[in-house]
Amino acid sequence: MSLQTDTAARPGAGWALPAPLRRIAADPWLFGIFVLLTLSVLVFAVLPIVNVLKQAVWTPEGFDLAALKTTLAQPFVWRALGNTLILGATSALVATVAGFVMAFAVTRTTMPGKGFIHAAALLPIISPPFVMALAIVILFGRSGLITRELLGIRNANVYGFHSLVLIQSLAFTPIAYLNIKGMLQSIDSALEDASASLGGTRWTTFRQVTLPLVTPAILSSILLVFVKSVEDFGNPMLIGGPFSTLAVEAYSQMVGYFNLNAGALLASLMLIPSMTAFLIHRYWVSKKSYVTVTGKPTAQSIRISGARVVLPLSLVCYFLALTILLFYATVFYVSFTKLPGVNNTLTLDHYRTVFTAGFDTLGNSLYLAGIATPVTAIAGMMIAYLLVRRAFPGSFLLRWGTLLSFAAPGTILGIGYIGTFNTPPLLLTGTAAIIIAAMVVKNLQVGIEAGTNQLQQIDRSIEEASTILGASSGRTFTSVTLPLLRPALFSSVAYAFTRSLTTLSAVIFLVSANWTLITVTILSQVETLKTGVAAAWCCILVVVVLAILALMQLVLNRSARER
Amino acid sequence: MSNVVFQNIVKQFPAAGGAPGGLAVQDLDLTIEEGSLVTLLGPSGCGKTTTLRMLAGFETPTSGRITIGGRDVTHLPVNARNVGMVFQSYALFPHMTVRQNVEYGAKLQNLSKAELNSRVDEMLETMALTPYADRAPSRLSGGQQQRVALARAVVTRPKVLLFDEPLSNLDAQLRERMRDELRAIQLRLGITSLYVTHDQSEAMAISDRVVVMRNGVVEQADTPMNVYARPGTAFVAEFMGKANILEGEVQEIGEATVRTRIAGASFELPRGPHPLRPGQRVRCVLRPEYLRIDPQGPLTATVKRVVFQGGHVEYLTEIGGQECTVTDAQYFHGGIAEQGRPLRLALDTRPVWMLADDQNTNALKAA
Ligand SMILES: Nc1ncnc2c1ncn2[C@@H]1O[C@H](COP(=O)(O)OP(=O)(O)OP(=O)(O)O)[C@@H](O)[C@H]1O
Ligand SMILES: [Mg+2]
């Protein structure tokens, strides 16, 4: 609001500052917090990314076009970019189609066993991204349980594009499934009823009403999975083999060849597809949405029960769910097997190794995620509040800073962090703080989004009622807004915690001798072929995550019952 | 002293795109006497809520000055004004009990524990909410929620109380009861109040003064009686209830009455404050209840449409080419006239009101 304040300054009109300044003067504390958060976002999200972009074109001797040209002339750069794009596009399409089939079957048909399908679909979401990679090697590798034991194939080649597509599709189908399911549930069933009452057949209703209404969710799933695939580091690292992606190539240039320029350049290239997908999503897909997603499932009346539809859909769903379960069961089995494919005797050795080696790295992960989680959730809620309810001058910096951190792949963030925080006064390399910062920045946007959605559903006059009763803005926030944001707070706590615990792409650059993380440990064990121990760790990690999520749910239910 | 004065208030919202939009409120001058209840009435979008929110402090006037009890509050923050407000949606804190809701504002006033409790208890008692003190607001009926909202607004003893369409969420019957309850409590507490509604009967029933607004401008501010019976403009006449505005011609100007010809019949109408001259055309406000069916009546109307409403029958008729609504509560004696039939009407001339039309206004200005 830019008011014509000059006219207000007539005699006796009291002091009249320009509107933006008046807003600051009214809430100096809030403005202080705003400045603090904005600066943090600039330092921890924007600056590292800018540094990587700079590093890509600057050598220690200054801007070096020749060096840039040399790097760009190398075929591996373009191969990695092409591979990344092809893998991303394929995985996005496959995962979205599979996710749509599952979501449609669960919300619109009488398919039996929906609970089972849903539970199976959630598994990949709460586990480290590369559990699948571990399983596929054991199942389909050279001495794979299926390829060699079952089919007797020698020299099966599991490494490469085909395996990556399979694994990423399985890992990311749940994302598409949840996304599309939410949209399908929030479509007012009266719309489909109306189509049926107007004489539309099931197929007409599906084509003319349901499909157009969920198109935004379908498109957004495609883009989301694409971004996830571009960002994925663990799976291509383990089973990409000769099929190298940007994330892996950037890592090996940085860590393997100490080629900072090439690493930074590759990471910068990752920004192009990610940002493009993200901007398309923000400025096109989200504008096409007809449904206001209230998060409240509406009553569903029409359910398709004809076997001609339900049977094929069920078959696809069960096949997907069972495949996911097979992969996890494999990891579980391997964790109790001496040397799968070679010596299949059951053993507790791997767990013994784990217990004797100690839980230091798991403890580290829990400890750092435990610190990062509340910071992420609270900062997310505060930023949502500042962006939705307050318009301080400069809030666009905060908005775009957080958006950038979300769209940017973990790799560029990780590389940016080592480049940015290695000199005083920002000397953080090797500390716990740098890992925590990366965890917070990577997950912040999800909290902001949850908080924003929740805030938009809270009638503004509830906060006004508090102000007019004499409460300051700070007071209103803590005693009215924050309690009402609790559902969003809890969901972002759950998200931030699982993500922080299972993340790899950014933190792989940041771990140090003092602070190493469980995901990194598992990765190195897989690389050194200690598959059994890695599998044991994966199982323990999944159990820990499940236990903590269950505990959170318990606390949430208890506190909900208290009111 | 806590009378409220709006002086030359203008409010302009920035339109989308940065260019200045239309004026939501224009040159508003308004005084709310201490202890009185003033209603802002008008069609949707006329600037009622904006005016109210400027007094609350949620909006800042583009220009002009607002004082409460002589103190300039134009730029005072909301939480420093000590005004109470009952919101359209009630805006009860959903995560607090009834008692916690009522306590909230009082707690911010640094009262002693004993004072706080006695005030809150008394307020819950007054509003008949004591049995529900520990319930969540979502588990109350609409009327009870309304009372919690009122209790919460007045427990802090505000200088001014604001209501933004507080009854619009209630069903018709409850609305009337709550309306009377609100007024009784306002009178008892003697609290200066500004009330926004677009329901004219609610406005008349509850207010000391009614302010009719249109497009951000005050059309008329007067007692409920005057706004209804002596409207300043055709807009006010029509907004305040069913009104027939029939054109007539001034024939002869007497001491207290004016002989006026309406649709071929002559009437001695009361002489209003506006200057008149013989031969002038005037517009007369005839409420439907001023007309009655009378076989000897001087006016002849043609029935165009009949609407049966239970307590009365409403005839939409035409008199000398002008539309005119007539109500008949005595239909069980004379029967209901059919469409197309002629209807003889008599007119009770005493309440008839002549509008100051543009010509008259010009004459007034020239004088
Ligand atoms: N925040 C705002 N930004 C821009 N224009 C606004 C804003 N609030 C109100 N207006 C405009 O100001 C005018 C007056 O609005 P106001 O809300 O005061 O109307 P109202 O009389 O309360 O109507 P209703 O009976 O529908 O509540 C309207 O034209 C409205 O569109
Ligand atoms: Mg309004």
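The values are calculated or read from the model by the stated rules, or taken from the named source; none is laboratory data. The model shown is predicted, which means the values in this text are computed figures rather than measured ones. Neighbour counts run over all protein chains shown; Cβ positions are idealised from the backbone, glycine included.
Quick notes on this one:
- Within segment A:241-262, the residues that satisfy the criterion of being surrounded by fewer than 23 Cβ atoms within 10 Å (Cβ to Cβ) and part of a loop (DSSP other than H, G, I, E, B) are A:241, A:242, A:243, A:244, A:257, A:258, A:259.
Rundown of residues vs (1) without any contact (Cβ under 8 Å) to a residue 60 or more places away in the chain; (2) on the phi > 0 side of the Ramachandran plot; (3) more than 14 Å from every other protein chain (Cβ to nearest Cβ), yes/no style:
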| residue | (1), (2), (3) |
| --- | --- |
| A:447 | no, no, yes |
| A:483 | yes, no, no |
| A:494 | yes, no, yes |
| A:501 | no, no, yes |
| A:512 | no, no, yes |
| A:515 | no, no, yes |
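- Restricting segment A:460-479 to residues that are out of contact with any strand residue (DSSP E or B) (no Cβ under 9 Å at 6 or more places or on another chain) and among the small types (Gly, Ala, Ser) leaves a set whose member that is farthest from the other protein chains (Cβ to nearest Cβ) is A:474.
- Flag set for residue B:310, criterion: more than 26 Å from residue B:236 (Cα to Cα) and assigned to a loop (DSSP other than H, G, I, E, B).
- Boolean, residue A:497 is among the hydrophobic types (A, V, I, L, M, F, W, C), modelled with pLDDT of 90 or more and within 26 Å of residue A:437 (Cβ to Cβ): yes
- Index of the failed condition, residue B:208 passing every other in (1) out of contact with any Phe, Trp or Tyr (no Cβ under 9 Å at 6 or more places or on another chain); (2) within 23 Å of residue B:83 (Cα to Cα); (3) within 12 Å of ligand 1 (Cβ to nearest atom); (4) not aromatic (Phe, Trp, Tyr): (3)
- From B:28, B:40, residue being in contact with a Lys or Arg (Cβ under 6 Å, 6 or more places away or on another chain), within 16 Å of ligand 2 (Cβ to nearest atom) and within 28 Å of residue B:187 (Cβ to Cβ): B:40
- Across segment B:143-174, the number of residues qualifying as surrounded by 15 or more Cβ atoms within 10 Å (Cβ to Cβ), away from ligand 1 (no atom under 16 Å from the Cβ) and over 20 Å from residue A:469 (Cβ atoms) comes to 3.
- For residue A:452, the stated conditions do not hold, so it cannot be described as within 14 Å of chain B (Cβ to nearest Cβ) and part of a helix (DSSP H, G or I).
- All told, residue B:93 meets the bar of being at the interface with chain A (Cβ under 7 Å from one of its Cβ atoms) and at pLDDT 90 or above.
- Residue B:58 vs. criteria surrounded by fewer than 20 Cβ atoms within 10 Å (Cβ to Cβ), within 15 Å of ligand 1 (Cβ to nearest atom) and at the interface with another protein chain (Cβ under 7 Å from one of its Cβ atoms): yes
- If the condition is being more than 14 Å from chain A (Cβ to nearest Cβ) and within 16 Å of ligand 1 (Cβ to nearest atom), then segment B:176-200 contributes B:195, B:197, B:198, B:199, B:200.
- Residue match in segment B:61-76 (condition: under 17 Å from residue B:155 (Cβ atoms), of a type in the set (Lys, Arg) and out of contact with any Lys or Arg (no Cβ under 7 Å at 6 or more places or on another chain)): no
- Among residues of segment B:45-58 that are within 9 Å of ligand 2 (Cβ to nearest atom), those with a beta-carbon under 9 Å from a residue that is among the aromatic types (Phe, Trp, Tyr) and not in a helix (DSSP H, G or I) at least six positions away or on a different chain give the pairs B:50/B:13; B:52/B:58; B:52/B:163; B:52/B:195.
- Within segment B:175-187, considering residues that are under 20 Å from residue B:52 (Cα atoms) and of a type outside the set (A, V, I, L, M, F, W, C), the one surrounded by the fewest Cβ atoms within 10 Å (Cβ to Cβ): B:183
- Of the listed requirements (1) in contact (Cβ under 8 Å) with a residue 60 or more places away in the chain; (2) of a type in the set (A, V, I, L, M); (3) under 26 Å from residue A:119 (Cα atoms), residue A:158 misses just one: (3).
- Qualifying residue in segment B:91-109 (condition: touching a strand residue (DSSP E or B) at 6+ places or on another chain (Cβ under 9 Å), within 26 Å of residue A:462 (Cα to Cα) and within 12 Å of ligand 1 (Cβ to nearest atom)): no
- Against the conditions (1) within 10 Å of chain A (Cβ to nearest Cβ); (2) modelled with pLDDT of 90 or more; (3) buried (at least 21 other Cβ atoms within 10 Å of the Cβ), residue B:72 satisfies every one except (3).
- Residue B:88 within 16 Å of ligand 1 (Cβ to nearest atom), in contact (Cβ under 8 Å) with a residue 40 or more places away in the chain and touching a helix residue (DSSP H, G or I) at 6+ places or on another chain (Cβ under 8 Å): yes
- Some residue of segment B:93-113 being touching a residue at least 40 places away in the same chain (Cβ under 8 Å), of a type outside the set (S, T, N, Q), within 30 Å of residue B:171 (Cβ to Cβ) and within 16 Å of ligand 2 (Cβ to nearest atom): no
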